[in-house]
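Everything on this sheet refers to the single structure shown next.
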Amino acid sequence: MTRDPQALRALAHPLRWKLIDVLEREGSATATRCAELLGESVASCAYHLGILAKYGYIEADPARAGREKPWRITERQQRLGGEELDLEGQLASEAAVDAFLEHEFGRIRRRVRQRDLQPPDWRQAGSVLGSTMWITAAELQEIRQQLLDLATRYADRDDDASRRPQGARHVRLFAATTVAALGSDAETAEPGEGRE
């Protein structure tokens with residue numbers, strides 16, 4: 001988990017999450033390539049890539065030489081929690097999580113809107129799922145671990161394209177486990193489910 005509030009604040013900008021997405025998908029990319037894909041200026045992409053590099057989220061890719069510096073992700077998993085941080089760290093954590101969620105929800109909305117453009121097998125494979133239940137903290141921990149296991153099951157394919165089966169596409173799994181505040185209306189509401 002990132003302990004430095006300034007490093008957490010570096011993730012509180014929407015363009016930086018988009019840049020992280022590009023680098024994850026492309027393996028490595030220059031500011032020019034990022035600008036092409038995101039419809040941003042090269043100067044803006046270069047600046048924000050520099051901030052991500054300053055705090056260790058990305059690094060120059062030594063495997064790709066050229067006039068322009070290519071960047072790559074240093075770690076695919078970002079830990080944004082504010083547990084055990086002081087107030088400044090907790091506020092930085094909240095800002096980073098808010099930016100991440102806005103980015104993630106935007107991506108989900110775009111993909112759901114484009115769902116009808118997908119071939120039938122891909123339309124049927126994708127879903128949006130929500131479920132509310134009464135469980136213990138230990139059971140929630142178990143669910144969290146199961147989701148983490150699912151999310152990382154095919155991680156070896158990220159950096160090694162030869163491991164990707166024919167027909168594989170870039171798919172995003174997003175999951176959240178949240179707990180209602182004690183005494184809130186959600187604590188007394190009826191359990192419900194919704195899915196697309």
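The values are calculated or read from the model by the stated rules, or taken from the named source; none is laboratory data. Everything numeric in this text was worked out from a predicted model, so none of it was measured. Ideal geometry is used to build each Cβ from the backbone, glycine not excepted, and the neighbour counts take in all protein chains shown.
Using the structure shown, decide if G39 is more than 21 Å from T152 (Cβ to Cβ) and among the small types (G, A, S). Before you say what the answer is, go through the steps one by one.
Values: more than 21 Å from T152 (Cβ to Cβ): yes; among the small types (G, A, S): yes.
Yes: the conditions hold for G39.
Hey, can you tell me all the residues within region 29-43 that are surrounded by 15 or more Cβ atoms within 10 Å (Cβ to Cβ) and within 22 Å of A12 (Cα to Cα)?
Hits for region 29-43 are A29, T30, A31, C34, A35, L37, L38, E40, V42.
So D4 passes all but one of these: (1) under 19 Å from the mean Cα position of the chain (by Cα); (2) closer than 18 Å to S93 by Cα; (3) at pLDDT below 95. Which condition number does it fail?
If we test D4 against (1) under 19 Å from the mean Cα position of the chain (by Cα); (2) closer than 18 Å to S93 by Cα; (3) at pLDDT below 95, just (1) comes out false.
Of the conditions (1) under 16 Å from D21 (Cα atoms); (2) of a type outside the set (G, A, S); (3) at pLDDT 90 or above; (4) out of contact with any Cys (no Cβ under 8 Å at 6 or more places or on another chain), R76 clears all except one; give me its number.
Just one mismatch for R76, condition (3).
Please identify the pairs in which a residue from region 163-174 that is without any contact (Cβ under 8 Å) to a residue 24 or more places away in the chain has its Cβ atom under 7 Å from the Cβ atom of a residue that is of a type outside the set (K, R) and in a loop (DSSP other than H, G, I, E, B), counting only partners at least 6 apart or on another chain.
none
Residue by residue, here is whether (1) touching a residue at least 12 places away in the same chain (Cβ under 8 Å); (2) basic (K, R); (3) farther than 20 Å from L8 by Cβ holds:
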position	(1), (2), (3)
P62	no, no, yes
K69	yes, yes, yes
E75	yes, no, no
G81	yes, no, no
A96	yes, no, no
E104	yes, no, no
Q114	no, no, yes
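Taking G167 as the residue in question, decide whether it is at pLDDT below 90, exposed (fewer than 11 other Cβ atoms within 10 Å of the Cβ) and small (G, A, S).
Working: at pLDDT below 90: no; exposed (fewer than 11 other Cβ atoms within 10 Å of the Cβ): yes; small (G, A, S): yes.
Considered against the rule, which asks whether it is at pLDDT below 90, exposed (fewer than 11 other Cβ atoms within 10 Å of the Cβ) and small (G, A, S), G167 comes out as no.
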